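Data first, discussion second: the structure below is written as structure tokens.
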Amino acid sequence: MTTDETPIPSEDSPQPAMVRADLLTGLMLIVLGLAIVYASWTMDRLEVRRIQPLTAPGLVPGILAAALTLCGTILSFRSIRTPAPGGWRDLSAAVTSGAAGRALAVVVLALIYTLGLVGTLPFWAATGIFVFAFIMIFECWLATPRRPVMSSLPWALGLAVVTAIVITLVFERAFLVRLP
């Protein structure tokens, strides 16, 4: 018997870096959720057209954003209550890892697509460029081992063309959505 009251860490106990990552993620979810709730609340409710209130354009995004805010709050409180000695140091090591670089590349590519390409180019062209760039970056530069550019080029080009055509046709013909 030992008299030390320090609990022995088990395999399922959270890693200190993940506890701190949960805190940061929870705070980001709260900010994002509140911003979407505000945007949903200020969205035109179309009372002039006498639509049914439950079909207002901002209703579903507002409800989903409120749920996102609640989940972010729960995640943040849970991570604050969990002890994580050395968690910030471990988190900084995790943020500079290869996986974090790949996650950052996904975010940057998605932002370029949504904020830069969609709306300035036809939707099919923006989608094709996005898919092509995504495949080339993740297969030729961020993959381990890296694939040669010339072997990835035809695959990326073909998949980008097919994806752009299929997505455009499905949304315009099946869902009757006008794309930008």
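The values are calculated or read from the model by the stated rules, or taken from the named source; none is laboratory data. Remember, predicted model here, so these are calculated numbers, not experimental data. Counting neighbours? That spans all protein chains shown, and the Cβs are built from the backbone with ideal geometry, glycine included.
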Which of the residues that make up the stretch 156-180 are hydrophobic (A, V, I, L, M, F, W, C), exposed (fewer than 14 other Cβ atoms within 10 Å of the Cβ) and over 22 Å from residue 120 (Cα atoms)?
174, 175
So, of the residues in the stretch 37-77 that are exposed (fewer than 14 other Cβ atoms within 10 Å of the Cβ) and β-branched (Val, Ile, Thr), which turns out to be farthest from residue 23 (Cα to Cα)?
48
Within the stretch 148-170, does at least one residue satisfy the condition of being assigned to a helix (DSSP H, G or I) and within 30 Å of residue 20 (Cα to Cα)?
no
Within the stretch 73-118, residues among the small types (Gly, Ala, Ser), over 23 Å from residue 133 (Cα atoms) and either in contact (Cβ under 8 Å) with a residue 24 or more places away in the chain or outside the structural domain of residue 20 (by TED's automatic domain parsing) (or both) come out as 76, 79, 84, 86, 87, 93, 94
Kindly indicate which of 84, 94 is more than 29 Å from residue 180 (Cα to Cα) and either assigned to a helix (DSSP H, G or I) or at pLDDT 95 or above (or both).
94
Inside the stretch 75-88, can you point out the residues that are within 19 Å of the chain's Cα centre (by Cα) and not hydroxyl-bearing (Ser, Thr, Tyr)?
75
Can you confirm whether residue 111 is loosely packed, with under 12 Cβ neighbours inside 10 Å and either aliphatic (A, V, I, L, M) or under 20 Å from the mean Cα position of the chain (by Cα) (or both)?
yes
In the stretch 40-52, the residues that are assigned to a helix (DSSP H, G or I) and free of Cβ contacts under 8 Å to residues at least 24 places away in the same chain:
41, 42, 47, 48, 49
